[in-house]
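The values are calculated or read from the model by the stated rules, or taken from the named source; none is laboratory data. The model shown is predicted, which means the values in this text are computed figures rather than measured ones. Using ideal geometry, Cβ is built from the backbone for each residue, glycine included, and neighbour counts are taken over all protein chains shown. Just the protein is used for accessible areas: all its heavy atoms, side chains included, with ligands, DNA and RNA removed. Shrake-Rupley method; radii C 1.70, N 1.55, O 1.52, S 1.80 Å.
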Amino acid sequence: MKKTILASAILLAGAANAAEVYNNEGTSISLGGSFRGHVVINGSDDVVFEDAGSRFDLKTTKELDNGLKAFGELEVKYSGSDGDTLYMQKAIVGLSHDVYGTASLGKQMGLNDDLVMNDFSYEQGVYNEDNDFFGSNSEDQLKYSKAFAGATVVVSLMDQDTYAIGGTYEVAGLTLGGSYNIANDRKVESGVVNMTSDNSTYIVGAQYSLDALTLGVQYQSSEVGNADFSAYGVGAEYALGQARVYAMYDALDGKLNTKSINGVLAGDGSIIVLGADYELVKDVKAYAEFSSTDFDADGVASSDSDEALVIGARVYF
């Protein structure tokens, strides 16, 4: 996931590097995105070369009266794991006003994705991995956000049984954030998971930046049906000119995965990530990440551990 939280990121309805390609009579259109590729090395006999989620983003805004703007955004993402598939990561329409806030309707990420404060990695973080259970994955929803005096409040409604509230507060280099999700009668069909249950989760975190150093912490507690699990994480990054080094540790207690709902492989897990990147030129980055994961299944003496090295690059536009 993969990004450092800022209050403005929750309000964002466009790509950070988007370039304006049209502007006339109050209507603007911008295009952005990124090309991504990596090599995943799990061992000398397990090396994978693949796309890492390349995407493009199309955004339009229209100036209305009295400071009101209408906007729309479409983000299309590539997924090789689903058989060379292009799919809609985001497709929204909305209204924004400097005083009254921003409302958007359509397919978009839930609050939890914007509140991962300890994860500075590109792709190996495991925090918040069960978003489908809480309505925080990419799905249709009505989202409203309002910023004032360093704070941002966000409310999302996915359906009559699934909703969330959260936000951030920034002061003197410190960012505090949290969200609370309720998902009653939530139906999840993914892999071997096919269930309907009442679920809830809350996440709180903090991030502090001082010159080139940024520190982040995170805690999550969730209920999925009758199962409870919690997680915490710490992370840090340090900028060195065009380079950056970072580290992250996540621990999950009562970890849920694709088999745990059926009573198989429930247990505890953890991951350590060490990484570095370098900006070759503006908007072109290369990176390397090493991760070591461990999973201890309940009632099983042996543990499942894995080490991987990922070498990748991104070109933003």
Looking at Y246, is it at pLDDT 80 or above and open to solvent by less than 50 Å² (accessible area, probe 1.4 Å)? yes
From the option list I5, I92, single residue qualifying as at pLDDT 90 or above, surrounded by 15 or more Cβ atoms within 10 Å (Cβ to Cβ), of a type in the set (V, I, T) and touching a Ser or Thr at 6+ places or on another chain (Cβ under 9 Å) is I92
Looking at the stretch 259-317, which of the residues that are among the β-branched types (V, I, T) and within 25 Å of D228 (Cα to Cα) is modelled with the lowest pLDDT? V264
Meets criteria (modelled with pLDDT under 95, small (G, A, S) and either in contact with a strand residue (DSSP E or B) (Cβ under 7 Å, 6 or more places away or on another chain) or over 20 Å from V315 (Cβ atoms) (or both)) for A70: no
If Q141 satisfies every condition in (1) without any contact (Cβ under 8 Å) to a residue 60 or more places away in the chain; (2) out of contact with any helix residue (DSSP H, G or I) (no Cβ under 9 Å at 6 or more places or on another chain); (3) open to solvent by 40 Å² or more (accessible area, probe 1.4 Å) but one, which is the exception? (3)
Counting only residues that are exposed (fewer than 13 other Cβ atoms within 10 Å of the Cβ) and in contact with a Ser or Thr (Cβ under 9 Å, 6 or more places away or on another chain), the stretch 24-66 contains a total of 3
Among residues belonging to the stretch 173-209 that are loosely packed, with under 13 Cβ neighbours inside 10 Å and of a type in the set (D, E, K, R), point out the one that is modelled with the lowest pLDDT. E189
Any residue at all in the stretch 166-184 that is of a type in the set (D, E, K, R), out of contact with any His (no Cβ under 6 Å at 6 or more places or on another chain), touching a residue at least 60 places away in the same chain (Cβ under 8 Å) and over 21 Å from N137 (Cβ atoms)? yes
When residues of the stretch 15-54 are filtered for being modelled with pLDDT under 95, in contact with a Gly (Cβ under 7 Å, 6 or more places away or on another chain) and of a type outside the set (G, A, S), how many remain? 3
State which residue is least open to solvent (accessible area, probe 1.4 Å) when the search covers only the stretch 67-87 and only residues that are among the small types (G, A, S) and under 25 Å from E25 (Cα atoms). G72
Scan the stretch 95-122 for residues that are open to solvent by 50 Å² or more (accessible area, probe 1.4 Å) and not aliphatic (A, V, I, L, M) and jot them down. D98, Y100, K107
With within 19 Å of N118 (Cβ to Cβ), open to solvent by 20 Å² or more (accessible area, probe 1.4 Å) and under 20 Å from the mean Cα position of the chain (by Cα) as the only criterion, which of A236, A212, A231, A251 stands out? A236
Assuming D161 fulfils every condition listed in (1) under 26 Å from R244 (Cα atoms); (2) touching a strand residue (DSSP E or B) at 6+ places or on another chain (Cβ under 9 Å); (3) open to solvent by 30 Å² or more (accessible area, probe 1.4 Å) apart from one, which condition is it? (1)
Of (1) surrounded by fewer than 17 Cβ atoms within 10 Å (Cβ to Cβ); (2) among the aliphatic types (A, V, I, L, M); (3) farther than 30 Å from V234 by Cβ, A151 satisfies all except one. Which? (3)
If you go through the stretch 213-241, how many residues are in contact with a Lys or Arg (Cβ under 9 Å, 6 or more places away or on another chain) and modelled with pLDDT of 95 or more? 2
Within the stretch 96-124, track down each residue that is within 24 Å of N181 (Cα to Cα) and among the hydrophobic types (A, V, I, L, M, F, W, C). A103, L105, M109, L111, L115, V116, M117, F120
